[in-house]
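Data block below; observations after.
The values are calculated or read from the model by the stated rules, or taken from the named source; none is laboratory data. All values derive from a computational prediction rather than experimental measurement. Every residue, glycine as well, gets a Cβ built from its backbone with ideal geometry; the counts of neighbours run over all protein chains shown. The accessibility values were calculated without ligands, DNA or RNA, using every heavy atom of the protein model including side chains. Shrake-Rupley method; radii C 1.70, N 1.55, O 1.52, S 1.80 Å.
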Amino acid sequence: MSVVVERGLARCPRCVAVADYTFIESGPNSLRYEVDCGKCGEAYREVHNPVAPAFTAAVDALVVLPPPVLPSAFEMRKRQAVAWLAGLRTKALARAGRGT
């Protein structure tokens with residue numbers, strides 16, 4: 001028993017004119033796509049059956065990387081101050097090591 005699931009307008013795969021399409025459920029595990037062109041007479045058909053998923057690809061699809069968090073203006077100034085103080089400390093230790 002076939003049941004029409006959806007009807008609408010699509011492009012003809014042959015002449016690219018506007019044509020009628022339907023999705024028809026032909027069974028519990030089968031879906032048929034049909035395009036009937038009134039201009040060129042093309043009757044295009046595709047039958048889709050379920051396919052076992054590739055679980056290796058499914059695992060990769062579950063990985064979600066968070067977006068990078070940009071530091072605030074305060075954090076940037078704090079990092080600059082720490083770097084400046086570290087530079088001063090290095091210079092002071094170098095002077096102390098020379099004995100001047």
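Can you put Lys78, Lys91 in order of accessible area, largest first, using a 1.4 Å probe?
Lys91, Lys78
Per residue of region 80-96, what does 6.51 cos²θ - 1.76 cosθ + 1.60 with θ = phi - 60° give for ³J(HN,Hα)? Whole Hz please, x for Gly and Pro, Karplus curve as stated.
Ordered by residue, 3J(HN,Hα) equals 5, 5, 5, 5, 5, 5, 5, x, 4, 5, 4, 5, 5, 5, 5, 5, 5 Hz.
For the chain, report the convex hull volume of the alpha-carbon atoms normalised per residue, in Å³, without decimals.
Per-residue hull volume (Cα only) is 269 Å³.
Contour minus end-to-end for Ala43 and Ala96, with contour as 0.36 nm per residue of separation and end-to-end as the Cα-Cα distance?
Value of the extension gain: 10.1 nm.
Given the rule -39500 (n - 2.57) for each run of at least 4 DSSP H residues, summed and divided by the residues of the chain, what is its mean residue ellipticity at 222 nm, to the nearest 500 deg cm²/dmol?
My calculation for the chain gives -11500 deg cm²/dmol from helical runs alone.
So who's got an amide H within less than 5 Å of the one on Glu42, skipping anything under 5 residues away but keeping other chains? H placed 1.01 Å off N, in plane.
HN-HN under 5 Å from Glu42: Cys37.
Can you give the FRET efficiency for Ser26 and Leu65, using 1/(1 + (r/R0)^6), R0 = 35 Å, r = Cβ-Cβ distance, to the nearest 0.05?
0.30
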